[in-house]
Amino acid sequence: AGDGAGDAFADYQKSFGADISVDGVGDTWNQPIVGNFNQLKKLKAKYPKLKIVASIGGWTYSKYFSDAAKTDASRKKLVSSCIDMFIKGNLPVQGGYGGPGTGAGIFDGIDIDWEYPGSPNGHTGNHYSADDKANFTKLAAEFRTELDAWGAANGGKKMRLTAALPAGQDKIAQVETDKLGQYLDYANIMTY
């Protein structure tokens, strides 16, 4: 199971030439961010009604969800770090890019892609616990609370919270479907 945080180089350090840029304008050396995040920013400028959510987790990055959702303190730590990085846009400085607020305004919410709460059937090495079922709901509640608070403090902006939920009966049985929905704007069912 993955221990990394993804691909920071592709996210905001890889320059795009005019030939592949969303707006036909190439990146310059002195921009605060380039990469896919900057292309998303350009896409939102081109289509102002577009909403983009940052998906966390997935098949290869769900290893520590059980640990992060385990306690109130660990949930708050995960959620506040996601809001700081993806909503406030405080990207780590790497490769000469990033820094406070450089990614602000790109993402309109968070998508939780925990594969899978309470189940040994995720990626090899994923942590899981019988408590995951209730803790997933508590994690969603914490995201909803903090996203709503951030949105209210920023002009009443509606922040989205979505989730990729399992379709298999063995996995969906580990999700409180009767409680989780109250925190989500929508859920995508994994039926690939």
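For the reader, a short list of remarks on this structure follows.
- Mean-position separation - Cα centroids, the stretch 22-73 and the stretch 107-184, in angstrom: 18
- On a per residue basis, the convex hull of the C-alpha atoms belonging to the stretch 100-145 measures out at 117 Å³.
- Lysine pair number, Cα distance threshold 16 Å (strictly under), the stretch 1-57, separation 8 or more or different chains: 5
- For residue 188, residues with placed amide H under 5 Å, excluding near neighbours: 163, 164, 165
- Mean projection area, nm², convex hull over Cα of the stretch 87-192: 8.5
- Per residue Cα convex hull volume in Å³ - calculated over the chain: 129
- Normalised contact order of the chain, rounded percent, pairs of Cα under 8 Å and 6 or more residues apart: 20
- Amide H contacts under 5 Å for residue 91: 99, 101, 102, 103, restricted to partners 5 or more places along the chain or on a different chain, H placed in the peptide plane at 1.01 Å from N.
- The translational diffusion coefficient of the stretch 72-139, from Stokes-Einstein at 20 °C and 1.002 mPa s with a Kirkwood hydrodynamic radius over alpha carbon pairs, comes to 154 µm²/s.
- Residue-normalised accessible area of the chain, expressed per residue, 1.4 Å probe, Å²: 51
- Label-to-label distance, nm, for residues given as residue 148 and residue 104 (7 Å Cα→Cβ offset): 2.5
- Radius 10 Å from Cβ of residue 14, net charge of other residues (Lys, Arg +1; Asp, Glu -1): -3
- Share of carbon and sulfur in the accessible area of the chain stands at 55%, probe radius 1.4 Å.
- Mean Cβ count within 10 Å, highest first, over the residues of peptides 8-15, 60-67: 60-67, 8-15
- Projecting label points 7 angstrom from Cα along Cα→Cβ for residue 49 and residue 178 puts them 3.8 nm apart.
- Label sites at residue 188 and residue 84, each approximated as a point 7 angstrom past Cα along Cα to Cβ, lie 2.7 nm apart.
- Over the stretch 40-106, Cα pairs under 8 Å with separation of 6+ residues give a relative contact order of 25 percent.
- Considering only the stretch 47-192, percent of DSSP beta bridges that pair antiparallel, nearest 5: 15
The values are calculated or read from the model by the stated rules, or taken from the named source; none is laboratory data. Here the structure is a predicted model, which means the values were calculated and not measured. Reconstructed Cβ throughout: ideal geometry from the backbone, glycine too, with neighbour counts over all protein chains shown. We work out accessible area using only protein heavy atoms, side chains counted, and drop any ligands, DNA or RNA first. Shrake-Rupley method; radii C 1.70, N 1.55, O 1.52, S 1.80 Å.
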